[in-house]
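First comes the structure, then the notes that go with it.
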Amino acid sequence: MKNFNGKVLFLDRSDINTDEIIPAKYLTEISKEALKPYLLEDIVLQGFNQAKDIKGKSVVVTRDNFGCGSSREHAPWAFEVNGINLVIASGFARIFRQNMFNCGMMAVEIDKALLDRIFNLFADKDTAVETDMDKMTFKFIADDLIEIVPFTISEYDFSLVKAGGWVDYADKNY
Amino acid sequence: MGKTVAEKIFDAHHVDCPSGDIHVISLDAVFCHEITTPIAITDLMERGKDRVFDPSKIKAVIDHVTPAKDSKTAMQGKILRDWAIRHGIKDFFDIGRNGVCHAIFPEKGFVRPGFTIIMGDSHTCTHGAFGAFAAGVGTTDLEVGILKGVCAFKKPESIKVNIFNSANNPPNSGNLPKGVYAKDVILSLIGQIGVNGATNKVVEFCGPVVDKMSMDERMTLCNMAVEAGATSGICAPDMVTVEYLWQFIKDEYTSKEAALQSFSKFRPDNDANYFKIIDMDISSLQPQVTFGYKPDQVKPVSQMEGTRIDQVYIGSCTNGRLEDLEIAASILQGKKIADSVRGIVSPATPDIYSKALDKGIIKIFMDAGFCVTNPTCGACLGMSNGVLADGEVCASTTNRNFNGRMGKGGMVHLMSPATAAASAIKGYIANSDIYLL
């Protein structure tokens, strides 16, 4: 399984689309690694600093309908090559969500009220997440502030995370 | 309990239910283009699985950047081309014969009622206009589709959108108000339900207005279903569908009525269960224009009139078909576009281009001052053939007004071909009504 622990990048806006995550002009790259410098290049988000804010982060916490727009799997890949394998939101666009699990990454939905609480408590702090895949919990930590958030993913999504993606699973089963 | 179109299609393609509500379905077609497919091909090769499930069910086209603009895009084309040759994929469309995927594949007769289709492109939902379940997917799903001919979905619930015009007489005649087109209807719907309004759902379009629409119009409608988050747009198959497909299916059925009879198994049941039903009365609908960076930020053209523009783009999988060019040409005929505006038109396929030439439409565009490009997706997503500079504004018949979509720092206003043509003449966003008889 991939790493689902580490520092949090908060993106406080709904409807962040895949053009914002990785602009189309970079879709001519053949390698995933080449996408690394361009993650979130066109995001419309007050105060966001692409050069500073992404470095060292492993988890994204954002709002609703994350990853809408284009089907480009380059969006999850751009996160992956930057060391981010987990996005937590109150909702995802279907294709983006499926692409994440198909790559063995996680797009986890949590309740909006709970998400509001996480933003209120942690968004302005240097926050880390520890993911417990057995207990299905996220532990948000900022200094001595700790919040445990339970989550659920389906058995099928979990099997993709464990298998490292959909290709081997499908080739074996169908 | 009756079934929706999507439910009927899913039942007819069931392969497996690996857990809970996940359904693996068999695919009738896997469509490919040169942006999202090469990485799937390369990955399959690296895994030692360079195979295809059925070369006759795979269709491929180079459309996003064509002709290639640099070494990288040339390589993407080459990977796709070599792969098509290697696996005997006969329906591969290269330069000179290529067009925008969601225009050329229906035009070639590759989409049928009841089909299941995936493609590594979010606007694959366009093909639902034929009564198919057609969904955009990422590269991994595409890869598995190519390899095994299957894809996994949650069985989607459907939203029924009943479109009618209460001002019509007789009431069910399904006519659009003057100056209002399929593009305005779908922009208005997205404005109403939001960019998240149909996430994980299928949008089933019906009602007198849809019944009256041509296949070109239905494709415009279904094309933008994904802008509300939908998995697929769907119009139930009817005689309009049969007429469009007849040249491809005439040897399979004894008559058009027999074909319709056969396709009718993919019409929804009267007692089908919908997640939601939206009644949409378009009697007072005005032409719609977007104003922000999201496709649900729409206003009537009257409130956008006078907005400065630098470029007008007419084309794309949304509005680059023959009827779209005809409407724009009817407005541009005998007129010049404003000196301050660059006009670009991209007929979506060679066949559309050729017919537009025969009908004198291309001449009208050229005489008006438009640049006519070859069929390509390029400008719509800022890859080639019409990229905006920082601070520039485009009046566009495409489907996305995202920040930077047509070029970094550029602004895109989505609209119908009629509104785009009128705006080109005026040099600012304008209502087409003054040019319509």
>> Filter the range B:369-411 down to the residues that are more than 25 Å from B:ILE62 (Cα to Cα) and either out of contact with any His (no Cβ under 9 Å at 6 or more places or on another chain) or facing chain A (nearest Cβ under 9 Å) (or both) and list them by number.
In response: B:GLY369, B:ALA389, B:ASP390, B:GLY391, B:GLU392, B:ASN403, B:GLY409, B:GLY410, B:MET411
>> Considering only residues that are within 16 Å of the chain's Cα centre (by Cα) and among the charged types (D, E, K, R), which ones fall in the range A:112-122?
In response: none
> Is it true that some residue in the range A:69-81 is facing chain B (nearest Cβ under 9 Å) and open to solvent by 40 Å² or more (accessible area, probe 1.4 Å)?
Replying inline: no
>> Looking at the range B:203-220, can you tell me whether even one residue there is within 14 Å of chain A (Cβ to nearest Cβ) and open to solvent by less than 20 Å² (accessible area, probe 1.4 Å)?
In response: yes
> Which ones in the range A:99-118 are touching a strand residue (DSSP E or B) at 6+ places or on another chain (Cβ under 8 Å) and open to solvent by 10 Å² or more (accessible area, probe 1.4 Å)?
Replying inline: A:GLU109, A:ILE110, A:LEU114, A:ARG117
>> Going by what's in this entry, would B:GLU305 be described as among the acidic types (Asp, Glu), surrounded by fewer than 23 Cβ atoms within 10 Å (Cβ to Cβ) and more than 26 Å from B:ALA389 (Cα to Cα)?
In response: no
> Looking at the range B:63-106, which of its residues are part of a helix (DSSP H, G or I), farther than 19 Å from B:MET119 by Cβ and charged (D, E, K, R)?
Replying inline: B:LYS72, B:LYS78, B:ASP82, B:ARG86
> From the set of residues in the range B:1-35 that are open to solvent by less than 10 Å² (accessible area, probe 1.4 Å) and β-branched (Val, Ile, Thr), which is nearest to the other protein chains (Cβ to nearest Cβ)?
Replying inline: B:ILE35
> Counting residues that are surrounded by fewer than 21 Cβ atoms within 10 Å (Cβ to Cβ), which helices (runs of 4 or more DSSP H) fully inside the range B:350-437 reach at least 3?
Replying inline: B:350-358, B:361-368
>> I'm told A:SER31 meets every condition in (1) out of contact with any helix residue (DSSP H, G or I) (no Cβ under 6 Å at 6 or more places or on another chain); (2) assigned to a loop (DSSP other than H, G, I, E, B); (3) crowded, with 21+ Cβ neighbours inside 10 Å; (4) at the interface with another protein chain (Cβ under 10 Å from one of its Cβ atoms) except one. Can you identify the failing condition by its number?
In response: (3)
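The values are calculated or read from the model by the stated rules, or taken from the named source; none is laboratory data. Remember, predicted model here, so these are calculated numbers, not experimental data. Methodologically, a virtual Cβ is constructed for each residue, glycine included, from the backbone with ideal geometry; neighbour enumeration extends over all protein chains shown. Accessible surface areas use protein heavy atoms only, side chains included; no ligands, DNA or RNA. Shrake-Rupley method; radii C 1.70, N 1.55, O 1.52, S 1.80 Å.
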